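S.K.: Here it is: the structure, laid out below.
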Amino acid sequence: MGAAIPVIAIDGPTASGKGTVAGLVAEKLGWHYLDSGAIYRLLALAAFKHRVDLADEAALAALGQQLDVVFADGKVWLDGTDVSLDLRREETGNAASKIAALPAVRLALLARQRAFCQAPGLVSDGRDMGSVVFPEAFLKIFLTATAQARAERRYKQLIEKGLPASIASLLGDLQERDTRDASRAVAPLKPCEDAVLLDTTMLSINEAVQFVLDLALQRGVGQTG
Ligand code: DC
C-alpha cells in the first residue's frame, strides 16, 4: 500500500441524513464523496432493466461487475441514461436493500467502492463503510435519528423532487428496511466498535456537519477552504 489516503466513514440507517452530511463534509474538506447506497440502487435499476430476478445471486453479481456507471455534475448515469430521479425512488431503495443481503453481490461491488478512495481524501456513506469497505478509516461515525424523524425527512425529500410519498407508508417501509439491513448475515447495519455515535433527531444539518468536521480536526485533518 502507498501513502494512506484519509477516509471518513459515515454509516447509519436509511434517511438518517448521512448522505447530506457526508456530501457537505466532503465539500468542506475538498475531498471525494462516495454514496455507496447509490451503487446498490444502480444495481437494482440495472436488474429491473435487464429483468434479472432480485433473488438470482449469481446473475446479480455478474451484472454488478459490469455496471456502466458515471457520476458527473451531480447526476448519475447508467448505460448512458440519466437515472438520477429513478435512483431515489422508494421501490429502488427497497430492491437495493434486498439485493444487498446477498453475499456475492456485496463482494462484486467491493472493488468499485474502494476505487473512490483517492487523494486528497474520501468521505463515504453507507452501512458497512467503517466495518468492511474502509476499515482503516481514521474517523467512523454512526449517524442515526428516530424512525419518525427519518420518515418525515424522507417525505420532504421525495415531495421536493416531485415524487409520490406518504409518511405512514414511508415509516413502515423504513422500519422493514432497517430490520432487513440489520439482520442480514453479511455486513449487517450496526455501529463498529470504534465508531462515534451521532443522533441527529434534534440536530440541524449544519450542526451535524460541524460535529464531524470538529472530530476530523481533532484527529489532525484540517479544512482546506
Ligand atoms: O443508503 P440507501 O438508502 O441509498 O441504500 C439503499 C440500500 O442499499 C440499503 O437499504 C441497504 C443497501 N446498502 C448496503 O447494504 N450497504 C451500503 N454500504 C449501502 C447501502
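Readers should treat all values here as calculations from the given coordinates under stated rules, not as data from a laboratory. Since we're looking at a predicted model, the values are computed, not measured. Cβ: placed from backbone, ideal geometry, glycine included. Neighbour counts: every protein chain shown.
S.K.: Assuming 1.002 mPa s and 20 °C, estimate D for segment 144-225 with Stokes-Einstein, Rh taken as the Kirkwood radius over Cα pairs, in µm²/s. Could the numbers behind the result be given before it?
M.R.: Numbers: Rh = 15.1 Å.
The Stokes-Einstein estimate is 142 µm²/s.
S.K.: Residues with amide H under 5 Å of L139's amide H, sequence separation 5 or more or different chain, H placed in the peptide plane at 1.01 Å from N; which?
M.R.: Amide H neighbours of L139: V7, A9.
S.K.: Right, next: Stick to the Cα atoms of the chain, pair each with every other, and give me the Kirkwood hydrodynamic radius in Å at one decimal.
M.R.: Working: mean 1/r = 0.0562 Å⁻¹.
Final number for the Kirkwood radius of the chain is 17.8 Å.
S.K.: Could you give the length gained by full extension between I5 and L54, i.e. 0.36 nm per residue of separation minus their alpha carbon distance, to one decimal place? Before the final figure, lay out the partial values.
M.R.: On the way: separation 49, 0.36 × 49 = 17.64 nm, distance 3.50 nm.
Full extension from I5 to L54 adds 14.1 nm.
S.K.: Can you check what the net charge comes to around V209, using other residues whose Cβ is under 13 Å from the Cβ of V209 (Lys, Arg +1; Asp, Glu -1)? Intermediate results must be reported in sequence, preceding the final value.
M.R.: On the way: positive: K18, K28; negative: E27, D125, E207, D214.
Neighbourhood net charge equals -2.
S.K.: How far apart, in nm, are the 7 Å Cα→Cβ label points at N206 and R219?
M.R.: 2.5 nm
S.K.: Can you compute the helix-only [θ] at 222 nm over the chain? Use -39500 (n - 2.57) per DSSP H run of at least 4 residues, normalise by all residues, nearest 500 deg cm²/dmol.
M.R.: Working: 9 runs with 107 residues, N = 225.
Helix-only estimate at 222 nm: -14500 deg cm²/dmol.
S.K.: Counting other beta carbons within 10 Å of each Cβ, put D199, D73 in order, fewest first. Before the final figure, lay out the partial values.
M.R.: Values: D199 15, D73 8.
The fewest-first ordering by Cβ neighbours comes to D73, D199.
S.K.: Which order do peptides 98-106, 15-23 fall in by mean Cβ count within 10 Å, highest first?
M.R.: Per-residue mean Cβ counts within 10 Å order the peptides as 15-23, 98-106.
S.K.: What is the order of S84, S97, S166, fewest Cβ neighbours within 10 Å to most?
M.R.: Details: S84 16, S97 25, S166 12.
Arranged by neighbour count, lowest to highest, S84, S97, S166 become S166, S84, S97.
S.K.: Would you mind calculating the relative contact order of the chain from Cα pairs under 8 angstrom and at least 6 residues apart, reporting the percent as a whole number? Walk me through the numbers on the way to the answer.
M.R.: Working: 352 pairs, mean separation 75.6, N = 225.
Computed value for the chain: 34 percent relative contact order.
S.K.: Quick one, what does Rg over Rh come out to for segment 44-119 if you take C-alpha atoms and the Kirkwood Rh?
M.R.: Numbers: Rg = 12.4 Å, Rh = 13.0 Å.
Taking Rh as the inverse mean 1/r over Cα pairs, Rg/Rh reads 0.95.
S.K.: How do E57, E27 rank when sorted from fewest to most other Cβ atoms within 10 Å of their own Cβ? Could you put the intermediate results ahead of the total?
M.R.: On the way: E57 16, E27 13.
So the ranking, lowest neighbour count to highest, is E27, E57.
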